[in-house]
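S.K.: Before I ask anything, here is the structure I am working with.
The values are calculated or read from the model by the stated rules, or taken from the named source; none is laboratory data. The shown structure was predicted, so the numbers you read here are calculated from the model rather than taken from an experiment. Cβ coordinates were reconstructed from backbone atoms using ideal geometry, including for glycine residues, and neighbour counts include every protein chain displayed. Ligands, DNA and RNA are excluded from the accessible area calculation, which covers all protein heavy atoms including side chains. Shrake-Rupley method; radii C 1.70, N 1.55, O 1.52, S 1.80 Å.
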There are 4 protein chains.
Amino acid sequence: MTSLDRSDPEGEIAKTVARVSNWGRWGEDDVRGTMNFLTDAKRLEAAGLVQTGRSYSLSLPFDMDGPQNGWRRRTNPVHTMLDTGTDAVTGIQGFPHGIGGADDVIAMPLQCSTQWDGLGHIFDHGRAWNGRPAESVVTSLGDGVTGIETVADVVCGRGVLLDVGRAVGTDGELPDGFAITEEHLEQTIAAQGESAAVGRGDIVLVRTGQLSRARRGVAAGEGWGGYAGGPAPGLSFTSADWLHRTEIAAIATDTWGFEVRPNEFDDAFQPLHQVAIPHLGLFLGEMWDLDGLASACAEDGRYDFLLTAAPLRVTGAVGAPVNPIALR
Amino acid sequence: MTSLDRSDPEGEIAKTVARVSNWGRWGEDDVRGTMNFLTDAKRLEAAGLVQTGRSYSLSLPFDMDGPQNGWRRRTNPVHTMLDTGTDAVTGIQGFPHGIGGADDVIAMPLQCSTQWDGLGHIFDHGRAWNGRPAESVVTSLGDGVTGIETVADVVCGRGVLLDVGRAVGTDGELPDGFAITEEHLEQTIAAQGESAAVGRGDIVLVRTGQLSRARRGVAAGEGWGGYAGGPAPGLSFTSADWLHRTEIAAIATDTWGFEVRPNEFDDAFQPLHQVAIPHLGLFLGEMWDLDGLASACAEDGRYDFLLTAAPLRVTGAVGAPVNPIALR
Amino acid sequence: MTSLDRSDPEGEIAKTVARVSNWGRWGEDDVRGTMNFLTDAKRLEAAGLVQTGRSYSLSLPFDMDGPQNGWRRRTNPVHTMLDTGTDAVTGIQGFPHGIGGADDVIAMPLQCSTQWDGLGHIFDHGRAWNGRPAESVVTSLGDGVTGIETVADVVCGRGVLLDVGRAVGTDGELPDGFAITEEHLEQTIAAQGESAAVGRGDIVLVRTGQLSRARRGVAAGEGWGGYAGGPAPGLSFTSADWLHRTEIAAIATDTWGFEVRPNEFDDAFQPLHQVAIPHLGLFLGEMWDLDGLASACAEDGRYDFLLTAAPLRVTGAVGAPVNPIALR
Amino acid sequence: MTSLDRSDPEGEIAKTVARVSNWGRWGEDDVRGTMNFLTDAKRLEAAGLVQTGRSYSLSLPFDMDGPQNGWRRRTNPVHTMLDTGTDAVTGIQGFPHGIGGADDVIAMPLQCSTQWDGLGHIFDHGRAWNGRPAESVVTSLGDGVTGIETVADVVCGRGVLLDVGRAVGTDGELPDGFAITEEHLEQTIAAQGESAAVGRGDIVLVRTGQLSRARRGVAAGEGWGGYAGGPAPGLSFTSADWLHRTEIAAIATDTWGFEVRPNEFDDAFQPLHQVAIPHLGLFLGEMWDLDGLASACAEDGRYDFLLTAAPLRVTGAVGAPVNPIALR
């Protein structure tokens, strides 16, 4: 494990990138990054993991009660009705033979709740995934190169839950500001046993327990607090090498921002993103609800499953909502 | 097969409902309708169908080029950026250590592209699924009872493609206005062989071929024409008994409106919806892109697969976008 | 002045309504309520008040920094770009001869910032303005009868500023919870002199000073606090008779909710609205920025002016944003 | 009048700019362009024009029936309800003492209906108003320099209607493709008489009659046709010198795009915009409904009036909706 110079995020990022960059690995034209690791063979293997047929949605609700607070115009979803049952019964809809209907619309940031970061979401010094100039990738028209639609059909494979909260934390939770290093990840894998082995093409789900904590706050009427953007447990910047070496296809957490917050530098903003997305080409999932799945895994000791987490097919999106389904 | 009185949709609907209603079948409090047929055992069986590990997205794109025309405020999605790569490279984002980002929002009807109708979408004479008064179910606040979130974790099971276009049509397509009856469905099943057998808990995908035709129009610069709301092939009103008897969990088509249009009555609007949703409690999928999957099925003669089609978890939605993944 | 029974808002409302109702005053078909008081003659008189040609916008900004907090899905405006200058300079817009462009969209509640309440905004026991059943007026399709468009061309006339904050308060501000009664209004008029006389067809602007206070909080980095929906100075329920007797066309305040908050009953929600909108047919303006205008009036002692405050012409709106211009 | 080289829009634009540029005219820091011509004295003079007190809204409706067709994501407004009268009467709103309410939201392009172009709307070779680099003015965060809020308080003054349709056209309308030159403008002024004289600080309204024609099409069930972006009468590119010389503060038309379409070059897109907005700093209004006002003017021969047309105060907007009120 590297020791970080807290005063020099830019230097540390550059050094890390020099070790882990995947630019060119799948050719100049690649738009799928680490999703290239997720093959048909991997999906076939994953289907074989299903033993009970029980399915788990890993999605938080999408509604006005969500965690967003408007930072950089990231609001919670506004869901409104075009037609309602109350309308229908007053007979104003004008349809024949007694039919009535309801219909609805939504306005929301694509990253307001359970979501995937796409490869166009983050740049490093003006460079997007595979070395492309950011301005040739994402304009006001969206991501014309690596829009989320490029992986809309493939995000389905072997999921592995690493319940770091349970394995390393207290009462199943890591405290805010806890940086999950490679050691913690390997310790969790060891504790969970064989089914938790992580390798090429896997989709890794890291449970920190912060969501469980935040949810208690909501239930207690205290609101979401700093869940969106405040202090949180999360991946250490130093885990970049592990993310690279394991050749995983994607990774998601139960937190707003994937990596530990405050970040591990004196003045920084999501430095691990800056390595993982543009350089590894790695897909990051955020705000996934892993609690129900984690309970089931803890009960029978099986930590891998078939995971289908295909993002909503929004053309040109740099992130997209998803309802991930784990099938055990 | 019943012979329909074209002048009396209300009477025909009432007669059909008398035969096929599922009200009370799963108790007074049920909110999942036919999704109750989709059990863990069914999902386990479905996982066993996977042979190649190849995945297919059955979702159309969500963007401004979609088929909607504004009818009843159903527009195409408007996807806009909160931050872009062009911004990032001008250095205006104010982030440290060279990180830049892009972020986006969307405004769209929940039924603008590939989607599930929820149980609160349609009423019959002021009654919603299971006999509830429509006004106690869907208000301006959304569907407080049968919102799509009630099935967010279960829509995963055995999918069966019935390629009626290929089996019954010409050059793989049914003409607009073609009513698919029970006979056509059974004829298709027979033609496709054993893997196409339909039974309790299955999710049936009916390909008419209209989408292939519409897409040619788009490619030729003619736009979507009447795809959204115009004449279309689709399920016959008379298929209600088959939908009921087979005990399927859900059914989807490659058309805008599921049922044949013009409808089979002199003056009618989606009469099969009026039976299927509030009375059967059946989930209807619309605007699914079945073409890629259909080619694969035709090639190797296997028509069933693991289908994961969990709707976006929008609280209180009467319909929801979905990116369905067929895994063969 | 009536003494209120704090435990019986419903009874007090009914008694007040019996005294002040305008139902039928302008015929069965009326859709403009008190705006009928605002005649061409009144507008002509108002134009004669202009002495300096100086104009004042009474609008707060519409942006994400506004006072809304999401209560009942009332968010602040989300303004996003369809095209930008950063895009234009990268040459991606595809326009000829060096032209580039920027374009934008907005999503917002119609009552998120400076606005008029329309006559369809509030009902009393299911009755809208002029006695119409609420369900025949406002459905999911909007207000089909008294939509704000019915007054889009007439809200222009004599404005009178009543700076109650300056006349009655301390340092120009009334404390939160201060109920402005008829006595306070008359005291202010008397203090301000002749130009502050209020009569038929006038548009009255009541400055409480709460906005000045809230703005100091924002400037100090404390945010808007309870400006949207919290305690506030405002019109007393007992002022209903004055609102009726003076025959004013409209009235606006510098607060979120026009009337005093907490309301003057043990358990109540905006009881003066319940009288003023459906029974008086009175147009209420909220979140108007009166500070600049008030300074000018205080300086030269002229409190009336030409006010043009035509709402944005949104068909069927029950409220609408406005940029009111006072011309002195 | 200059004769244009149809094959060289870029050259013609450059030559015109050399003659008419206002860069630096009001200092390096100016953000109001020609709105600087509109002084208090001008507004005072305008107030003196009011003779009858009759007010005219020059705004089209904002609703789904508008002229937009989705070009570059410019849709018509989507207005939805947060609460309705149908809801209120079912008693689901949970408010005390019989109060009920309705509330609404809107999602719309800021230039979807009657609107002002702001100074950040158009660039010439990457330069915005006053010579600023476009990328330093308009980013994804909006127009940080010349956002429409900079003129929110001043757009009120002497309006002059030039009814070119009536003066020059047939049956009050100019045909599509008709280029209005300086000669036509002067001919109209002469025909209309003294009250139509145009000078410094005036807001000029040019009626072509195309909207009257489009409206007949809508009434006939034929829709808006090409009103949004198709062929239209409008200002000739050659009128740039007149726009400059007259020192008007702003100009608006009853068409979608202000200038004649098709444009007067072989391959061009809105070349007059490219001169008028970034170089003159001139505010352009589009889709104004001038028909009612024009009838009144034609009747009594008075063509000037007090015009209040303050844009909705959307921070950073490059265009903004407006409900212009002409007071005669």
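S.K.: Rounded to the nearest 500, what is chain B's calculated 222 nm mean residue ellipticity when only DSSP H runs of at least 4 contribute -39500 (n - 2.57) each, over all residues? Kindly include the intermediate steps, with their values, before the conclusion.
M.R.: Working: 9 runs with 73 residues, N = 328.
That calculation yields -6000 deg cm²/dmol at 222 nm.
S.K.: Next question, about the same structure. Shortest first, in nm, what separates the label point of residue B:299 from those of the same position in the other copies (7 Å along Cα→Cβ)?
M.R.: Distances between equivalent label points, in nm: 4.0, 7.4, 7.8.
S.K.: Moving on. I'd like the distance between the alpha-carbon centres of segment C:96-120 and segment C:1-75, rounded to an integer number of Å.
M.R.: 24
S.K.: Evaluate the charge dipole of segment B:90-242 about its Cα centre and quote only its size in Debye, nearest 20, assuming +1 on the Cβ of each Lys and Arg and -1 on the Cβ of each Asp and Glu.
M.R.: My answer is approximately 180 debye.
S.K.: Continuing with the same structure: Just add up the charged neighbours of residue D:311: K/R +1, D/E -1, any other residue whose Cβ is under 11 Å from the Cβ of residue D:311.
M.R.: Every neighbour counted, the sum reads -2.
S.K.: Hey, another quick one. Would you mind listing the distances between the residue A:191 label point and the same position in each other copy? Use 7 Å along Cα-to-C-beta, nm, one decimal, shortest first.
M.R.: Shortest to longest, the spacings are 5.8, 6.7, 8.6 nm.
S.K.: How large is the accessible surface of residue D:176 in square angstrom, using a 1.4 angstrom probe and rounding to the nearest 10?
M.R.: 80
S.K.: Also: Can you work out the base-10 log of I(q)/I(0) for segment D:179-247 at q = 0.11, 0.21 1/Å, using the Debye formula on its C-alpha atoms alone?
M.R.: Treating every Cα as an identical point scatterer, log10 I(q)/I(0) equals -0.36, -0.93.
S.K.: What is the sum of charges around residue D:115, taking Lys and Arg as +1, Asp and Glu as -1, for the other residues whose C-beta is under 13 Å from the C-beta of residue D:115? The partial results should precede the final answer.
M.R.: Values: positive: C:313, D:74; negative: C:103, C:104, D:117, D:254, D:286, D:289.
Here the charged neighbours net out to -4.
S.K.: Please give the direction-averaged projected area of the C-alpha convex hull for segment C:115-257, in square nanometres with one decimal. The partial results should precede the final answer.
M.R.: Details: hull surface 41.1 nm².
Directional mean of the projected Cα hull area for segment C:115-257 stands at 10.3 nm².
S.K.: Å³ per residue of the Cα convex hull, for chain A? Please list the in-between numbers first.
M.R.: Values: hull volume 54.2 nm³, N = 328.
So the per-residue hull volume is 165 Å³.
S.K.: Would you mind telling me the antiparallel percentage of the DSSP bridges in chain D, rounded to 5? Walk me through the intermediate numbers first.
M.R.: Working: 29 of 43 bridges.
Just about 65 percent of them are antiparallel.
S.K.: Further question on the same structure: Working only with C-alpha atoms, what are the Rg and Dmax values of the protein assembly as shown, expressed in angstrom?
M.R.: For the protein assembly as shown, the Cα-based Rg and Dmax read 31.7, 93 Å.
S.K.: Can I ask one more? Name the long-range amide H neighbours of residue B:261: under 5 Å, sequence gap of 5 or more, or other chain; modelled H, no Pro or chain starts.
M.R.: For residue B:261, whose amide H was placed from the backbone, the distant partners under 5 Å are B:177, B:232, B:234.
S.K.: Sticking with this structure for a sec: Please name whichever of B:272, B:7, B:226 sits farthest to the positive end of the charge dipole of chain B, dipole taken about the Cα centre and charges placed at Cβ: Lys and Arg +1, Asp and Glu -1.
M.R.: Final value for the positive-end residue is B:272.
S.K.: On to the next question. In segment C:1-109, if the dipole is taken from +1 on Lys/Arg beta carbons and -1 on Asp/Glu beta carbons about the Cα centre, which of C:17, C:31, C:86 is farthest to the positive end?
M.R.: So the residue furthest toward the plus end is C:17.
S.K.: Can you compute the FRET efficiency between residue C:39 and residue B:200 using 1/(1 + (r/R0)^6), with r the Cβ-Cβ distance and R0 = 60 Å? Round to the nearest 0.05.
M.R.: So the FRET efficiency works out to roughly 0.25.
S.K.: Could you list the trypsin sites (Lys or Arg not before Pro) in segment A:1-81 that lie in coil according to DSSP, counting only those with at most 15 other Cβ atoms within 10 Å of their Cβ? Intermediate values should be presented prior to the final figure.
M.R.: Numbers: sites: A:6, A:15, A:19, A:25, A:32, A:42, A:43, A:54, A:72, A:73, A:74; in loops: A:6, A:25, A:32, A:54, A:74.
Passing sites in segment A:1-81 are A:6, A:25.
S.K.: Here is a follow-up. For segment D:182-328, what does the alpha-carbon gyration tensor say about shape, rounded, prolate or oblate, given a ≥ b ≥ c as the root eigenvalues, a/c under 1.5 as rounded, and a/b over b/c as prolate? Working shown, then result.
M.R.: Numbers: a/c = 1.23, a/b = 1.05, b/c = 1.17.
Cα axes put segment D:182-328 in the rounded bin.
S.K.: Same structure again: For Cα pairs less than 8 Å apart in space and 6+ apart in sequence, what is the mean separation divided by the residue count of chain C, i.e. the relative contact order in percent?
M.R.: Working: 756 pairs, mean separation 98.8, N = 328.
Relative CO of chain C lands at 30 percent.
S.K.: Taking N as the number of residues in segment C:275-316, what is its alpha-carbon radius of gyration divided by 2.2 N^0.38 Å? It would help to have the intermediate numbers written out before the result.
M.R.: Numbers: Rg = 14.3 Å, N = 42, 2.2 N^0.38 = 9.1 Å.
Dividing the Cα Rg of segment C:275-316 by 2.2 N^0.38 Å gives 1.57.
S.K.: So who's got an amide H within less than 5 Å of the one on residue D:160, skipping anything under 5 residues away but keeping other chains? H placed 1.01 Å off N, in plane.
M.R.: D:203, D:204, D:205
S.K.: Distances in nm, one decimal, shortest first, from residue A:6 to the same residue in every other copy, taking the label point 7 angstrom along Cα→Cβ.
M.R.: Taking the point 7 Å beyond Cα along Cα→Cβ, the inter-copy spacings are 5.4, 7.2, 8.2 nm.
S.K.: With a cap of 10 neighbouring Cβ atoms within 10 Å, and only residues DSSP puts in a loop, list the GluC sites (Glu not before Pro) found in segment C:1-88. Mind dumping the intermediate values first?
M.R.: Working: sites: C:10, C:12, C:28, C:45; in loops: C:28.
Passing sites in segment C:1-88 are C:28.
S.K.: 5 Å is the cut-off here: which amide hydrogens, built 1.01 Å from N in the peptide plane, fall below it relative to residue D:53, excluding neighbours closer than 5 in sequence?
M.R.: Placed amide hydrogens put D:328 under 5 Å from residue D:53.
S.K.: Rounded to the nearest angstrom and ordered from largest down, what semi-axes does the equivalent ellipsoid of segment B:72-145 get from its C-alpha gyration tensor (root of 5λ)? Display every interim value, and only then the final one.
M.R.: Details: eigenvalues 376, 34, 16 Å².
Output for segment B:72-145: semi-axes of 43, 13, 9 Å.
S.K.: Restricting to DSSP loop positions (anything but H, G, I, E, B) with no more than 16 other Cβ atoms inside 10 Å of their own Cβ, which GluC sites (Glu not before Pro) remain in segment A:162-233?
M.R.: Working: sites: A:173, A:182, A:183, A:186, A:194, A:222; in loops: A:222.
For GluC sites (Glu not before Pro) across segment A:162-233 that sit outside H, G, I, E and B with at most 16 neighbouring Cβ atoms in 10 Å, the list reads A:222.
S.K.: How big is the dipole moment of segment B:51-113 about its Cα centre under a simple scheme where the beta carbon of each Lys and Arg is +1, that of each Asp and Glu is -1, and everything else is neutral? Debye, nearest 20, please.
M.R.: Values: 4 positive and 6 negative charges, 88 e Å.
Dipole of segment B:51-113, to the nearest 20 debye: 420 debye.
S.K.: Further question: What is the sum of charges, Lys and Arg at +1 and Asp and Glu at -1, for the other residues whose Cβ falls under 13 Å from the Cβ of residue A:170? Mind showing how you got there, number by number?
M.R.: Values: positive: A:166, A:213; negative: A:171, A:173, A:176.
Result for the neighbourhood of residue A:170: -1.
S.K.: What are the DSSP H helices in chain B that stretch 20 Å or more along their long axis, judged by alpha-carbon atoms, and whose average Kyte-Doolittle hydropathy comes to at least 0.5? Mind showing how you got there, number by number?
M.R.: On the way: long enough: none.
Answer set is empty.
S.K.: I need the semi-axes of the equivalent ellipsoid of segment A:216-294: take the C-alpha gyration tensor, multiply each eigenvalue by 5, square-root it, list largest first in whole angstrom.
M.R.: 25, 16, 9
S.K.: Follow-up. P(r) tail for segment D:137-197, what percent of Cα pairs lie past 20 Å? Before the final figure, lay out each step's value.
M.R.: On the way: 941 of 1830 pairs.
Taking all Cα-Cα pairs of segment D:137-197, the fraction more than 20 Å apart is 51 percent.
S.K.: Assign unit charges at the C-beta atoms only (+1 for Lys and Arg, -1 for Asp and Glu), then state the dipole size of chain D relative to its Cα centre in Debye, rounded to the nearest 20.
M.R.: Working: 25 positive and 44 negative charges, 69 e Å.
My answer is approximately 320 debye.
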